[in-house]
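Novice: Take a look at the following structure, please.
The values are calculated or read from the model by the stated rules, or taken from the named source; none is laboratory data. Note that the structure is predicted; figures quoted are calculated from it, not measured. Using ideal geometry, Cβ is built from the backbone for each residue, glycine included, and neighbour counts are taken over all protein chains shown.
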Amino acid sequence: MIKDKFGFLAWIVVIGIVVMVTYKQSATPYQQQDIKPFLREHIKLTTDSLPHVAFTYDGETVTTRRPYDFVEFWIRKFGHVLEYAIITTCLLRLLSTLAVARKWVYGISFLVSLSYAALDEWHQTFVPGRTGHAIDVFTFDLFGILLALLCAALFTGFRPPLGRDGRTAGKMTFR
């Protein structure tokens with residue numbers, strides 16, 4: 001049963017827009033998304049500009065020895081975190097308009113967001129010039145999902161139960 005029909009319809013529209021934007025972005029070849037030329041034009045970086053850091057991510061070395069690649073990597077991964085935090089937040093809002101228990105709202109939001117992340121990465125394997133990385137799903141996408149769930153829980157979900165006298169009973173519960 002729907003508690004708030006207007007809120008439900010409004011959030012369906014928001015989710016639709018987010019999904020369309022995400023789908024369009026993931027269908028664009030990497031060469032058209034490359035931000036390194038923009039970075040080179042606006043920021044002067046050398047191999048000494050950043051402290052030396054190197055690590056392997058999905059079989060490729062990410063290093064400050066290639067500073068523009070390094071900065072672009074972190075901008076892109078922050079984009080993953082932000083994208084899935086927004087999607088999860090929208091799903092939480094959408095599902096909270098239904099007359100279902102809060103634990104189901106959180107659980108379904110988590111599962112749908114994570115499934116969408118996996119499908120988006122899989123979809124990218126079919127786009128020329130793009131590659132899908134499962135590691136993105138289980139690192140940055142998952143971090144964005146968990147961040148949204150944690151923020152929602154902290155701001156709305158954890159409340160001390162009230163005793164008969166109107167005082168808190170002392171322990172925290174999740175409602």
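Novice: What is the one condition in (1) in contact (Cβ under 8 Å) with a residue 60 or more places away in the chain; (2) in contact with a Phe, Trp or Tyr (Cβ under 7 Å, 6 or more places away or on another chain); (3) closer than 28 Å to Pro128 by Cβ that Tyr84 does not satisfy?
Specialist: Tyr84 satisfies every listed condition except (2).
Novice: Glu83: under 16 Å from Phe140 (Cβ atoms) and surrounded by fewer than 18 Cβ atoms within 10 Å (Cβ to Cβ), yes or no?
Specialist: Values: under 16 Å from Phe140 (Cβ atoms): yes; surrounded by fewer than 18 Cβ atoms within 10 Å (Cβ to Cβ): no.
For Glu83, the condition - under 16 Å from Phe140 (Cβ atoms) and surrounded by fewer than 18 Cβ atoms within 10 Å (Cβ to Cβ) - is not met.
Novice: Also, quick follow-up: Looking only at residues that are out of contact with any Asp or Glu (no Cβ under 7 Å at 6 or more places or on another chain) and part of a loop (DSSP other than H, G, I, E, B) in region 86-105, which one is surrounded by the most Cβ atoms within 10 Å (Cβ to Cβ)?
Specialist: Step one: filter region 86-105 for residues out of contact with any Asp or Glu (no Cβ under 7 Å at 6 or more places or on another chain), giving 86-96, 98-105.
Still in the running and part of a loop (DSSP other than H, G, I, E, B): 99-101.
Working: Ala99: 9, Val100: 14, Ala101: 10.
Per the stated criteria, the residue is Val100.
Novice: Could you give me the residue pairs with C-beta distances under 6 Å whose first residue belongs to region 15-31 and is farther than 21 Å from Leu95 by Cα, whose second residue is of a type in the set (Val, Ile, Thr) and modelled with pLDDT of 75 or more wherever it lies, and which are 6+ apart or on separate chains?
Specialist: Close Cβ pairs satisfying both conditions: Ala27/Val127.
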